[in-house]
Amino acid sequence: MIDGRTNIVHPSEETKAEHTLEGLAMAGVSAIQRLVSERDDLRLRVNTQEGDLTHLVAANMELRRCIISIRQHYIELATKVLAQLEQFDHETRDTIQERPNRSFDARAQDENLVSLAHRLKPTGARQTSLGDLSD
């Protein structure tokens, strides 16, 4: 025969199961909320870093333009200095060839040097004379 007792759950066991299931559900909800919060924080961080990166790229481009400009000015200056040195060399050789075996007195040498300096001076430079020189 069949025993009249089938699976009978005691009320205390039923409440334990409900509490356990409810606790698991609450833990799941809490974990999901933490994940959503962490995701939002990470999105905010990414957006901030993207903004920083954009600013750094712009600053980098500006610095590159400055470096290119400085390089160009340096090349122009070096070209001018080289041209002046070549002119100085040419004028010096011409002066030496013009007066091959002449002896100069000190005053004449000074005048020649001053004359040479005047010819080689850059535009806008201050005018000098022998009176400005001191021994």
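The values are calculated or read from the model by the stated rules, or taken from the named source; none is laboratory data. Remember, it's a predicted structure, so these values are computed and weren't measured experimentally. Note that we place each Cβ from the backbone using ideal geometry, even for glycine, and neighbour counts take in every protein chain shown.
Here are Glu38, Glu18, Glu22: which of them is farther than 27 Å from Pro122 by Cα and at pLDDT 95 or above?
Exactly one of Glu38, Glu18, Glu22 is farther than 27 Å from Pro122 by Cα and at pLDDT 95 or above, namely Glu38.
Cβ-Cβ distance below 8 Å, separation of 6 or more or different chains: which pairs start in the stretch 70-84 with a residue that is surrounded by 10 or more Cβ atoms within 10 Å (Cβ to Cβ) and end on one that is of a type outside the set (Ser, Thr, Tyr)?
From residues that are surrounded by 10 or more Cβ atoms within 10 Å (Cβ to Cβ), the pairs are Gln84/Leu120; Gln84/Pro122.
Yes/no per residue for (1) part of a helix (DSSP H, G or I); (2) at pLDDT 95 or above:
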{"site": "Val57", "(1), (2)": "yes, yes"}
{"site": "Gln87", "(1), (2)": "yes, no"}
{"site": "Thr92", "(1), (2)": "yes, no"}
{"site": "Val114", "(1), (2)": "yes, no"}
{"site": "His118", "(1), (2)": "yes, no"}
{"site": "Thr123", "(1), (2)": "no, no"}
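Look at Arg65 and say whether it is assigned to a helix (DSSP H, G or I) and modelled with pLDDT under 75.
The answer is no for Arg65.
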